[in-house]
Amino acid sequence: MRRRQAIAVLALAGMFVSLYLWLHKLGLIGVLQCGTGGCDTVQASSYSVFLGLPVALYGVVGYAALFALGLVSVRQADGSWGWPDTAIAVLATTAFLFTLYLTALELFVIHAICRWCVVSAAIVTAIVVLALLPIGRRSIGTVPPNS
Amino acid sequence: MKGFYILLVAVGIGGAGWLVYSARNKPTERPAPATPAAAPAAGAFRGYTLGSDSAPITITEYSDFQCPYCASFVTVQMPEVRTQLIGTGKVLWRFRDFPLPSHKYSNLAAMAGQCAGEQGKFWEMHDQIFYNHQWAERGKNPSGQFREFAKAIGADVARYDACMDSQRYAGRIEESRQEGIAAGVDATPKFYFDGRRFDGMPTSDTFKHIVDSIIATRKR
């Protein structure tokens, strides 16, 4: 149960990070609190838009969906694996892969690191680990009765 | 379970409060975009340009072909600058060589740019050199690679070779560097808006904001 709660809390925190970056992209927040200035470089690059929409907006939507699914899974009386867990695992894995792609762009193409993107990447990584944990445990035969 | 909901509310209030605080602290004006600096000295050759000569603002860029930040600017920010500022007639973009002495092949790259420019292909070579910037990290003499770039952009390679061998633009490149030193260039890339030095983070958004501000101020 605590695993699902942690996913919901992390998703909510991630949603605020993405909202922050999205609002900046919309011009509603002046200067990103970044330190290195890499955030401006990344946010202003052509890679901050994906399929015509700001990347940060994908983050807001993705985290919101993870948060909603997390709440649903937390409210499940039965602790066994259910459809919300499957949905979270799929969504979190997709988000993790997308984050890997974005991080590679920062490192090897844009040559600038946005600290908020790193925070988001850490959150996504934590979520995907938590989401896939029961699968890993099951595969080695140690899945607890209430995950 | 109660503790979980308390934690959620705490994160929610904290996050919302942070966003509201950030939005309220939005500066009405960005920091002063430019520091007064000496205008570039007049010379016979003033650098290759992009855009309309009648554009209201000239941005002069002092750049080093081997500098990774210059490459990053060209590949990441410049496409937006070309579309939003140069393509719209707001800006005339002027490129000035500023080969840093610490970079072994900067002068060679600048020469390749000038020799391509002799054939009307400076910007094509400029893009080749910056978009294929792996040469700058290998530490090997990139002459052969620059020659391949010249071929790729459709330059007359024999003429390009003759130009490179003669080093005939060495004086022009050094003049450009001296002009930059006189203007206060201390790092690359460095930008000047109508002769006024810009010391902020060079992003297309920032440049657009500054250009629009200057144009709006002049209209008043």
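Taking springs between alpha-carbon atoms closer than 10 angstrom, which of B:Arg24, B:Arg168, B:Arg197 fluctuates most in the Gaussian network model of chain B?
Among B:Arg24, B:Arg168, B:Arg197, the largest mean-square fluctuation in the Gaussian network model of chain B belongs to B:Arg24.
For chain B, modelled as a GNM with alpha-carbon contacts under 10 angstrom, which of B:Glu118, B:Glu137, B:Glu179 fluctuates the most?
B:Glu137
Can you work out the Karplus-derived ³J(HN,Hα) for every residue in region A:85-102? Use 6.51 cos²θ - 1.76 cosθ + 1.60 with θ = phi - 60°, whole Hz, and x for glycine or proline.
Running phi through 6.51 cos²θ - 1.76 cosθ + 1.60 with θ = phi - 60° gives 5, 5, 4, 4, 4, 5, 5, 5, 5, 4, 4, 5, 5, 5, 5, 4, 4, 5 Hz.
Out of the total accessible area of the protein assembly as shown (probe 1.4 Å, heavy atoms of protein only), what percent is carbon and sulfur?
Roughly 62 percent, rounded to a whole number.
Only bridges with both residues in the protein assembly as shown count here: give the DSSP antiparallel percent, nearest 5.
65
R0 = 22 Å: FRET efficiency of A:Val90 with A:Ala122, Cβ-based, nearest 0.05?
0.60
Rounded to the nearest 100 Å², what is the sum over both chains of accessible area buried where B meets A, with a probe of 1.4 Å?
2200
Quick check: with the 1.4 Å probe, what order do A:His111, B:His103 take by accessible area, largest first?
Largest accessible area first, the residues go A:His111, B:His103.
Given the C-alpha centroids of region B:116-158 and region A:112-127, what is the distance between them in whole angstrom?
37
May I ask you to give the solvent-accessible area per residue for region B:32-195, in square angstrom, as obtained with a 1.4 angstrom probe?
42
Mind running the shape call on region B:44-83? Use the C-alpha gyration tensor, a ≥ b ≥ c as the square roots of the eigenvalues: rounded below 1.5 for a/c, prolate if a/b tops b/c, oblate otherwise.
Oblate.
Can you work out the Karplus-derived ³J(HN,Hα) for every residue in region B:134-148? Use 6.51 cos²θ - 1.76 cosθ + 1.60 with θ = phi - 60°, whole Hz, and x for glycine or proline.
Using θ = phi - 60°, the values come out as 4, 4, 6, 9, 6, x, 9, 4, x, 3, x, 5, 4, 5, 5 Hz.
Net charge near B:Glu174, counting Lys/Arg +1 and Asp/Glu -1 over other residues with Cβ under 14 Å of its Cβ?
Summing Lys and Arg as +1 and Asp and Glu as -1 gives 0.
Other chains' Cβ within 10 Å of B:7-17 residues: what's the mean?
That average works out to 4.
Can you compute the modelled spin-label distance between B:Ala216 and B:Ala152, with each label point 7 Å from Cα toward Cβ, in nm?
4.0
Separation between the B:Gln167 and B:Leu100 pseudo-spin-labels, each 7 Å from Cα along Cα→Cβ, expressed in nm?
If labels sit at B:Gln167 and B:Leu100, their model points lie 2.3 nm apart.
Give me the net charge of B:Lys151's neighbourhood, meaning all other residues with Cβ under 15 Å from the Cβ of B:Lys151; Lys, Arg count +1, Asp, Glu -1.
-2
Which of the lysines could a cross-linker bridge to B:Lys151, judged by Cα under 17 Å and excluding same-chain residues fewer than eight apart?
Result set, ordered by chain and number: B:Lys121.
Tell me the relative contact order for chain B as a rounded percent, counting alpha carbon contacts under 8 Å between residues six or more apart.
Result for chain B is 32 percent.
Specify whether the C-alpha gyration tensor of the protein assembly as shown places it in the rounded, prolate or oblate class, a ≥ b ≥ c being the square roots of the eigenvalues: rounded for a/c under 1.5, otherwise prolate if a/b is larger than b/c and oblate if not.
Verdict is prolate for the protein assembly as shown.
What does DSSP give for region B:32-195 in terms of the percent of beta bridges that are antiparallel, rounded to the nearest 5?
The answer is about 50 percent antiparallel.
Seen from all sides and averaged, what is the projected area of the convex hull of the Cα atoms in region B:32-195, in nm²?
Taking a quarter of the hull surface, the average projection is 9.4 nm².
Under 16 Å Cα to Cα from B:Lys104, which aspartates and glutamates show up? Leave out anything in the same chain fewer than 8 places away.
B:Asp64, B:Glu137, B:Glu174
Kindly provide the helix-only [θ] at 222 nm of the protein assembly as shown, computed as the sum of -39,500 (n - 2.57) over DSSP H runs of four or more divided by all residues, to the nearest 500 deg cm²/dmol?
Rounded to the nearest 500, the figure is -18500 deg cm²/dmol.
The values are calculated or read from the model by the stated rules, or taken from the named source; none is laboratory data. Remember, predicted model here, so these are calculated numbers, not experimental data. Here Cβ is always computed from backbone atoms with ideal geometry, including for glycine, and neighbour counts include all displayed protein chains. Remember, those area values only see protein heavy atoms, side chains included, never the ligands or the DNA or RNA. Shrake-Rupley method; radii C 1.70, N 1.55, O 1.52, S 1.80 Å.
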